[in-house]
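For reference, the structure is listed below as structure tokens.
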Amino acid sequence: MSEIKTWFRRIDGLSIRYAESDTPHDREALLLSPWPESLYAYDATWSRLADHAHLVAVDLPGFGQSELREDLLSPQAMGEFIVRIADAFGLAKPHVVGPDIGTSAVLFAAARHPDRFRSAVVGAGGAAVPLQLGGVLDEWVHAEDLAPYRAMGPKDVVTVAMDTIEGYELPEVVREDYLASYMGERFADQMPYVRAYPTELPVLGDLLSGIQTPVQIIAGRKDTVVPVVNAEYLHERLPNSRLDLIDVGHFVWEEGAEDYAKAVTGWWQAN
């Protein structure tokens, strides 16, 4: 059984799914779900991260099993909502961990709310301008017709993603949650978020040099979906950043769970 237990809370009128660690801690951390997974992506690292901080993990609105609202399906809008999530949970100045789709949203939040987060951990998310994406993600961003994606069932979505994971066997409870998170046409409904990258990432690029929040960028050295050049792009432009490359693929928080947890907790201790 997973150590993660989930509940729902209304934030800004939306039903948002979250999990919270049991043990109190002076350090607080807000963990954001990657795509196409859910907050259960932290199952492999949960206990190690919880030893170092009080954790609040959320499915971002529209993702996992949180309620969708179309106006939030862009990195800029999601960045503002991340701040509202922190407010709703009374997190005064938490560390924020936002891999994958969280990368751009967290950086927008850090740019526009300079003192809101103690530090940020990002990576494995599109960032480079011009876009440098690979595999299915590049297809999802540039597809002219979304009809084939609307025809995909949750097993198709999860299988496409999970087949790229190497060296880590998804626990059944995690796999079932991923499947439940993409019932119906939810996957196609979420695609506008990454399809906003061509217009939103250039805006973010102009903001990077002004971000003073300490940012750790963690990426898989073998990531073919979001190539390492995206992490290097951020590291070159963020004035207070650190780059950690782990010798795995895209799903670094699962494939390289031990190294990922070690990198994140070491970062928290240093900041």
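Please give me, ordered by residue number, the GluC sites (Glu not before Pro) of the range 6-38 that lie in loop per DSSP and have at most 14 other Cβ atoms within 10 Å.
Working: sites: Glu20, Glu28, Glu37; in loops: Glu37.
Passing both the DSSP loop test and the Cβ count: no residue.
For the pair Gln212 and Glu20, how long in nm is the line joining their label points, each one 7 Å along Cα→Cβ?
Result: 3.1 nm between the two label points.
Under 5 Å between amide H atoms, partner at least 5 residues away or on a different chain: which partners does Gln216 have, H built in plane at 1.01 Å?
Ala120, Val121, Val122, Arg242
Under 11 Å from the Cβ of Ser15, count the other residues' Cβ atoms, weight Lys and Arg +1, Asp and Glu -1, and hand me the total.
On the way: positive: Arg9, Arg10, Arg17, Arg69; negative: Asp12, Asp59, Glu67.
Neighbourhood net charge equals +1.
Shape call for the range 154-271 from the C-alpha gyration tensor, a ≥ b ≥ c root eigenvalues: rounded (a/c under 1.5), prolate (a/b greater than b/c) or oblate? Please list the in-between numbers first.
Working: a/c = 2.18, a/b = 1.33, b/c = 1.64.
Oblate is the answer for the range 154-271, as a/c is 1.5 or above yet b/c matches or exceeds a/b.
Where the accessible area of the range 1-40 is counted over protein heavy atoms with a 1.4 Å probe, how much of it, in %, is carbon and sulfur?
Details: 900 of 1960 Å².
After summing per-atom areas, the C and S share lands at 46 percent.
Can you bin every Cα-Cα distance in the range 1-144 into 10 Å intervals starting at zero and give me the percent of pairs per bin, rounded to whole numbers?
Bins of 10 Å from zero give 11, 44, 34, 10, 1 percent of pairs.
Here are several values of Rg and Dmax of the Cα atoms in Å: (i) 18.9, 65; (ii) 18.1, 62; (iii) 16.7, 49. Which one was derived from the coordinates shown?
(iii)
When the chain is modelled as a GNM with alpha-carbon springs shorter than 10 Å, which of Asp138, Asp206, Asp223 fluctuates the most?
Highest fluctuation of the listed residues: Asp206.
How much of the DSSP beta bridge set in the chain is antiparallel, as a percent to the nearest 5?
Numbers: 9 of 29 bridges.
Given both bridge residues lie in the chain, the antiparallel proportion sits at roughly 30 percent.
Note down the net charge around Pro214, summing +1 for each Lys or Arg and -1 for each Asp or Glu among other residues with Cβ under 10 Å from its Cβ. The partial results should precede the final answer.
On the way: positive: Arg118, Arg242; negative: none.
Summing Lys/Arg as +1 and Asp/Glu as -1 gives +2.
In whole percent, what relative contact order does the chain give with Cα contacts below 8 Å and a gap of six or more residues? Show your work: numbers first, answer last.
On the way: 558 pairs, mean separation 56.5, N = 271.
So the answer I get is 21 percent.
Accessible area per residue for the range 162-248 in Å², computed with a 1.4 Å probe and the full protein assembly in place, what is it? List each step's numbers first, then the result.
Details: 3910 Å² over 87 residues.
In whole numbers, the range 162-248 has 45 Å² accessible per residue.
For Gln269 and Glu70 in the same chain, what is the full-extension length gain: residue separation times 0.36 nm, less their Cα-Cα distance, in nm? Write down the numbers at each step before the final one.
Numbers: separation 199, 0.36 × 199 = 71.64 nm, distance 3.71 nm.
So the chain would gain 67.9 nm between Gln269 and Glu70.
Of Ile101, Ile165, Ile16, which has the largest mean-square fluctuation in a 10 Å C-alpha GNM of the chain?
Maximum among the listed residues: Ile165.
Could you work out the local net charge near Ala124, counting Lys and Arg as +1, Asp and Glu as -1, over the other residues with Cβ closer than 12 Å to its Cβ? Write out the running numbers ahead of the final one.
Numbers: positive: Arg221, Lys222; negative: Glu37, Asp100, Asp223, Asp244, Glu254, Glu255.
Net of charged neighbours comes to -4.
The values are calculated or read from the model by the stated rules, or taken from the named source; none is laboratory data. Since the structure is predicted, the reported quantities are computational estimates derived from the model, not experimental observations. Virtual Cβ from ideal backbone geometry, glycine too; neighbours counted across all protein chains shown. Heavy atoms of the whole protein, side chains included, go into the accessibility calculation; ligands, DNA and RNA do not. Shrake-Rupley method; radii C 1.70, N 1.55, O 1.52, S 1.80 Å.
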